Amino acid sequence: MPNTKNRSTSMRKVKRRVPSGESREYYSRRSGAGAAHCAVCKGALKAVQSTGPKSSRRPERKFGGVLCHKCQKIVVVEASRVKEKAKSMDDVDIIYRKYVEGIVK
Ligand SMILES: [Zn+2]
């Protein structure tokens, strides 16, 4: 039975096999949610918090809380080009295609 302090669900349990061949359990505290990052460029999303009402947790624009403002701008421009048939979906950079499809549909 683990120590009382290690029975909480906030403790992460990892089984490791030690060189002698037996397996031991190691406990470490789960860290909280990390900072939000852009899904495309992995840059930090600055205006995203985890507390408060949903509307104040992330920007209320399209892809707010998912893409940074730079990647969001590229997606919107590419989507309008696809809509106006100045560009086909195959010409859109593959990393943005998923998000452009979300607007064009
Ligand atoms: Zn980005």
Residue 90 fails exactly one of (1) surrounded by 14 or more Cβ atoms within 10 Å (Cβ to Cβ); (2) assigned to a helix (DSSP H, G or I), namely (1)
Result of the Cβ filter at 7 Å on the stretch 66-83, keeping first residues that are outside any helix (DSSP H, G or I) and partners that are of a type outside the set (Val, Ile, Thr) and crowded, with 20+ Cβ neighbours inside 10 Å, at least 6 apart or interchain, is 67/99
In the stretch 1-40, residues that are more than 30 Å from residue 69 (Cα to Cα) and of a type in the set (A, V, I, L, M) total 4
Practice prompt. Return a yes/no flag: does the stretch 47-63 have any residue that is out of contact with any strand residue (DSSP E or B) (no Cβ under 7 Å at 6 or more places or on another chain), in a loop (DSSP other than H, G, I, E, B), within 17 Å of residue 99 (Cα to Cα) and within 12 Å of the ligand (Cβ to nearest atom).
Written response: yes
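Okay, residues lined up against (1) under 23 Å from the mean Cα position of the chain (by Cα); (2) surrounded by 10 or more Cβ atoms within 10 Å (Cβ to Cβ); (3) in contact (Cβ under 8 Å) with a residue 40 or more places away in the chain:
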residue	(1), (2), (3)
1	no, no, no
6	no, yes, no
12	yes, yes, no
26	no, yes, no
34	yes, no, no
38	yes, yes, no
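Values quoted throughout were computed directly from the atomic coordinates according to the rules given, and no laboratory measurement underlies them. Quantities reported herein were computed from a predicted structural model and do not represent experimental measurements. Note that each Cβ is placed from the backbone with ideal geometry, even for glycine, and that neighbours are counted across all protein chains shown.
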